[in-house]
Amino acid sequence: MSQGDGNGGSIRDKLVAIKQAWAQSGRLLTGKADPDHANRLPPGQRLVTNWPVLDLGVKPDIARADWRLTVDGAVANPITWDWATFMAQPQVEDVSDIHCVTQWSRFDNRWQGVATSQLLSVVQPLPQANVVVLHGADGYTTNVTLARFAGDDCLIAHAHDGVPLSRDHGGPVRAIIPRWYFWKSAKWLTRIEVLAVDKPGFWELRGYHNDGDPWTEQRYN
Ligand SMILES: Nc1nc2c(c(=O)[nH]1)N[C@H]1C(S)=C(S)[C@@H](COP(=O)(O)O)O[C@H]1N2
Ligand SMILES: [Mo]
């Protein structure tokens with residue numbers, strides 16, 4: 001995250017400031033919660049068929065040969081996987097919808113990768129473990145409760161619709177947390193920190209909700 005740091009005039013800093021101001025003013029909230037999922041499209045969302053790209057102005061370029069995934073913190077068995085070790089894990093496929101807090105949703109995304117439950121069974125979280133912080137190679141972070149992260153629809157994805165994840169969309173590997181807004185699905189994933197005490201991530205520190213349920217519009221805190 002070097003671009004723009006310490007330079008209040010960069011495009012990246014302006015974009016961050018705009019989204020942070022939206023969070024402060026509660027923009028985009030409709031007040032029409034749909035906790036029972038009566039509609040497939042959550043309140044305030046509109047369906048897209050393209051796939052927008054959102055980032056902080058930095059797209060890390062990571063070759064699979066250089067990529068590593070470290071899981072550390074409150075675990076009995078910390079790991080660092082290289083590409084071959086990651087791909088040797090049992091592979092799953094899951095279809096889910098994307099809901100971005102900036103109001104676009106995209107249905108029926110077919111993800112391929114390693115289930116978070118598989119990863120957790122390898123690292124063995126300690127009894128006090130409560131939350132994970134996902135780290136992207138661009139310096140991005142986001143926090144997710146361990147319970148949510150362990151959901152059966154969550155995975156560490158390396159492909160979408162059978163095609164390797166592009167650099168734009170977070171390749172080689174990104175997290176997929178379908179039941180939360182898409183800001184929780186960290187791209188260019190290289191580290192998963194397992195913690196006893198919660199630690200807000202990049203957007204959570206800038207006014208976004210600590211959870212992020214689209215049906216009750218947990219956009220901002
Ligand atoms: N590493 C990293 N992950 C990230 C982001 C980011 O800036 N850096 N942006 C988040 C946000 S706000 C969204 S909406 C989605 C966008 O994913 P996409 O570009 O594949 O649509 O990635 C999330 N994961
Ligand atoms: Mo987003």
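For the stretch 162-221, the candidate set comprises residues that are part of a strand (DSSP E or B) and among the hydroxyl-bearing types (S, T, Y); within that set, the residue that is farthest from the chain's Cα centre (by Cα) is Y220.
Looking at I192, I156, I177 in this structure, which one is without any contact (Cβ under 8 Å) to a residue 60 or more places away in the chain and within 26 Å of A76 (Cα to Cα)? Give the derivation first.
On the way: I192 fails: without any contact (Cβ under 8 Å) to a residue 60 or more places away in the chain; I156 fails: without any contact (Cβ under 8 Å) to a residue 60 or more places away in the chain.
Just a single option satisfies the conditions, and that option is I177.
Scanning the stretch 66-116 for residues that are within 16 Å of ligand 1 (Cβ to nearest atom) and assigned to a loop (DSSP other than H, G, I, E, B) yields W67, R68, C100, V101, T102, Q103.
Could you please let me know if T85 is over 15 Å from Y181 (Cα atoms) and either of a type in the set (S, T, N, Q) or surrounded by fewer than 11 Cβ atoms within 10 Å (Cβ to Cβ) (or both)? Break it down stepwise before answering.
Working: over 15 Å from Y181 (Cα atoms): yes; either of a type in the set (S, T, N, Q) or surrounded by fewer than 11 Cβ atoms within 10 Å (Cβ to Cβ) (or both): yes.
Taking the combined requirement at face value, the residue satisfies it.
Across the stretch 141-185, the qualifying residues are those that are of a type in the set (K, R) and closer than 16 Å to C100 by Cα, and the one among them that is farthest from ligand 2 (Cβ to nearest atom) is R179. Within the stretch 87-113, residues that are farther than 19 Å from T216 by Cα and more than 15 Å from ligand 2 (Cβ to nearest atom) sit with their Cβ atoms under 6 Å from residues that are in a loop (DSSP other than H, G, I, E, B) and modelled with pLDDT of 95 or more, at 6+ positions apart or across chains, in these pairs: D94/D153; R110/D161.
Is it true that some residue in the stretch 149-156 is modelled with pLDDT of 95 or more and under 18 Å from K59 (Cα atoms)? No, every residue in the stretch 149-156 fails to be modelled with pLDDT of 95 or more and under 18 Å from K59 (Cα atoms).
The values are calculated or read from the model by the stated rules, or taken from the named source; none is laboratory data. All values derive from a computational prediction rather than experimental measurement. Cβ atoms come from the backbone with ideal geometry, glycine included; neighbour counts cover every protein chain shown.
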